2 protein chains.
Amino acid sequence: MPTVKVTRDDWLRGAQRALAESGVSGVSVEPIAKQLGVTRGSFYWYFKDREALLVGALELWESEETIGFIEELAPIAEPLARLQTLFREALTGDLIAGLEPAIVAHASDPVVRVVLERVTTRRLDYLTDLFAQLGLDPAAARRQAVATYAAYLGWIELRRAAPDIAPETKGSGPLVEPALDHLLRLLTP
Amino acid sequence: MPTVKVTRDDWLRGAQRALAESGVSGVSVEPIAKQLGVTRGSFYWYFKDREALLVGALELWESEETIGFIEELAPIAEPLARLQTLFREALTGDLIAGLEPAIVAHASDPVVRVVLERVTTRRLDYLTDLFAQLGLDPAAARRQAVATYAAYLGWIELRRAAPDIAPETKGSGPLVEPALDHLLRLLTP
DNA sequence: GCATTTCCGTACGGTACTGTATGGGCTATC
DNA sequence: GATAGCCCATACAGTACCGTACGGAAATGC
């Protein structure tokens with residue numbers, strides 16, 4: 001029996017799962033330990049306390065989110081194509097189904113707030129810049145970015161909260177393509 | 001000292017506040033009792049257990065949401081005007097700042113799910129009907145409704161999660177009017 | 001003005017989680 | 001094959017919440 005070791009990353013992934021399913025207060029050590037098949041002795045070896053786990057999980061999400069978000073699009077030259085693939089990737093990806101809605105919902109938590117504001121700022125700036133490259137003046141580009149980002153947020157919320165009610169948002173269903181086309185036509189100037 | 005009594009409705013409002021701030025697991029009896037200035041003895045007079053409080057708070061939200069949502073718009077004859085005032089009301093209203101995002105975020109909770117699916121179904125149906133009245137064929141109306149509702153959801157999420165990052169979503173700020181106009185132009189066919 | 005209903009305080013046992021202290025098994029290394 | 005460092009189990013307070021049982025004050029009906 002190899003008795004595979006539990007790593008620090010395992011704890012962070014477990015915390016993200018718990019965060020996606022049960023929110024901030026669901027990130028508790030004992031249940032995650034049980035799910036990982038160890039006791040809390042392992043946890044307190046890697047982390048100082050429960051808050052350190054939450055911060056680690058959020059910052060892991062932040063880094064992966066921004067790295068996979070922006071750097072993957074760099075090779076695409078055309079701004080319009082960049083916007084379209086950006087949206088397709090963002091709206092059909094897996095994103096640990098529900099992590100982001102859970103984070104947004106707990107914006108009142110001081111730990112969550114600081115990470116979420118960094119991510120939101122970065123994304124809105126990126127979108128604003130993109131729409132400016134498409135010819136919109138700065139104010140219009142900014143408003144377009146806000147509207148577009150709102151549509152993105154709501155889309156993944158809808159997909160998580162009621163996939164059966166709005167099957168158009170399901171990542172793999174047959175309805176998703178025309179619905180995505182429709183949304184993209186609304187959002188591209 | 002009149003020592004005002006605590007009503008069942010007070011408990012439901014307190015539960016909604018707690019739900020908006022801390023999610024489902026934040027709806028706990030003892031803290032709400034402290035905030036109301038009574039002990040848990042009052043609670044167990046009105047409610048069977050904690051879950052009954054959660055269900056009551058959700059159903060109160062559902063009824064107020066649908067009543068104030070649809071019936072207020074009935075007197076407006078023009079579909080386009082109905083859509084526009086609907087959106088302005090929904091996006092600038094107070095909505096117990098954050099109740100809805102919190103509910104959406106906890107869609108995995110079985111108690112939340114049933115209420116949320118009812119509300120989502122009703123709203124999407126209403127929007128689909130509205131766009132059909134504006135001349136769109138059934139499939140296009142449905143897609144337009146999904147896109148529009150996603151924009152609504154994301155807008156209020158954004159407004160709650162990062163009002164300082166996206167001041168365009170603040171209900172009273174000077175930036176909200178042009179941003180809303182922009183969004184409405186994108187979403188009206 | 002008495003009895004009844006309404007509403008709330010108090011006290012109890014139980015559960016689930018937190019953080020700490022401590023010790024011991026495993027693995028690598030030489 | 002002894003040693004050092006890594007990883008985890010166990011045991012022990014301490015906290016916060018739940019649900020129940022019971023009792024009493026305060027309003028209300030007649």
- When residue A:186 is evaluated against the numbered criteria (1) of a type in the set (A, V, I, L, M, F, W, C); (2) assigned to a loop (DSSP other than H, G, I, E, B); (3) at the interface with chain B (Cβ under 9 Å from one of its Cβ atoms), which criterion, by number, is the only one it fails? (2)
- Please specify each residue of the range A:151-187 satisfying the condition of being surrounded by 24 or more Cβ atoms within 10 Å (Cβ to Cβ), without any contact (Cβ under 8 Å) to a residue 40 or more places away in the chain and touching a Gly at 6+ places or on another chain (Cβ under 8 Å). A:151, A:154
- What about residue A:91, is it within 14 Å of another protein chain (Cβ to nearest Cβ) and away from DNA strand D (no atom under 16 Å from the Cβ)? yes
- For the range A:122-153, what are the residues that are under 30 Å from residue B:108 (Cβ atoms) and in contact with an Asp or Glu (Cβ under 7 Å, 6 or more places away or on another chain)? A:146, A:153
- Item | Filter result (more than 12 Å from DNA strand C (Cβ to nearest atom) and of a type in the set (A, V, I, L, M)) within the range B:16-31 | B:18, B:19, B:20, B:24, B:27
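Can we say residue B:63 is among the hydroxyl-bearing types (Ser, Thr, Tyr) and away from DNA strand C (no atom under 16 Å from the Cβ)?
yes
Say we look at the range B:93-110 and pick out the residues that are aliphatic (A, V, I, L, M) and outside any helix (DSSP H, G or I); which of these is least open to solvent (accessible area, probe 1.4 Å)?
In this case the residue turns out to be B:107.
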- Note on the structure: Conditions (1) within 9 Å of chain A (Cβ to nearest Cβ); (2) more than 16 Å from residue A:165 (Cβ to Cβ); (3) acidic (Asp, Glu) -> residue B:117 fails only (2)
- Task: Identify all residues within the range A:72-108 that are over 15 Å from residue A:120 (Cβ atoms), of a type in the set (S, T, N, Q) and in contact with a Gly (Cβ under 9 Å, 6 or more places away or on another chain); write none if there are none.
- Result: A:92
- Among the candidates A:113, A:123, A:82, single out the residue that is open to solvent by 60 Å² or more (accessible area, probe 1.4 Å) and among the basic types (Lys, Arg). A:113
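Listed here are the residues, each with its yes/no results for (1) within 16 Å of residue B:147 (Cβ to Cβ); (2) within 16 Å of the chain's Cα centre (by Cα).
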residue: A:106; (1), (2): no, yes
residue: A:145; (1), (2): no, no
residue: A:176; (1), (2): yes, no
residue: A:189; (1), (2): yes, no
- Message: What's the total number of residues in the range A:50-66 that are among the aliphatic types (A, V, I, L, M), within 12 Å of the chain's Cα centre (by Cα) and open to solvent by 20 Å² or more (accessible area, probe 1.4 Å)?
- Response: 1
- When the range A:16-40 is checked residue by residue, the ones that are open to solvent by less than 10 Å² (accessible area, probe 1.4 Å) and under 24 Å from residue A:122 (Cα atoms) are A:16, A:19, A:20, A:23
- Message: Of all residues being in contact with a helix residue (DSSP H, G or I) (Cβ under 6 Å, 6 or more places away or on another chain) and in a helix (DSSP H, G or I) in the range A:164-175, which is nearest to the other protein chains (Cβ to nearest Cβ)? Just the residue, please.
- Response: A:168
- Query: Looking at the range B:11-27, is at least one residue within 14 Å of another protein chain (Cβ to nearest Cβ), without any contact (Cβ under 8 Å) to a residue 12 or more places away in the chain, over 30 Å from residue B:173 (Cβ atoms) and of a type in the set (Ser, Thr, Tyr)?
  - Reply: yes
- Query: Across the range B:5-37, what is the number of residues that are at pLDDT below 95, in a loop (DSSP other than H, G, I, E, B) and within 10 Å of DNA strand D (Cβ to nearest atom)?
  - Reply: 1
- In the list A:161, A:139, which residue meets the criterion of being closer than 26 Å to residue B:116 by Cβ and either within 9 Å of chain B (Cβ to nearest Cβ) or more than 14 Å from the chain's Cα centre (by Cα) (or both)? A:161
- Message: Which numbered condition in (1) within 10 Å of DNA strand D (Cβ to nearest atom); (2) at pLDDT 95 or above; (3) farther than 21 Å from residue B:117 by Cβ; (4) open to solvent by 60 Å² or more (accessible area, probe 1.4 Å) is the only one that residue B:43 fails?
- Response: (4)
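The values are calculated or read from the model by the stated rules, or taken from the named source; none is laboratory data. Just so it is clear, the structure is predicted and the values come from calculations on it, not from any experiment. Ideal geometry is used to build each Cβ from the backbone, glycine not excepted, and the neighbour counts take in all protein chains shown. Only protein heavy atoms, including side chains, enter the accessible area calculation; ligands, DNA and RNA are left aside. Shrake-Rupley method; radii C 1.70, N 1.55, O 1.52, S 1.80 Å.
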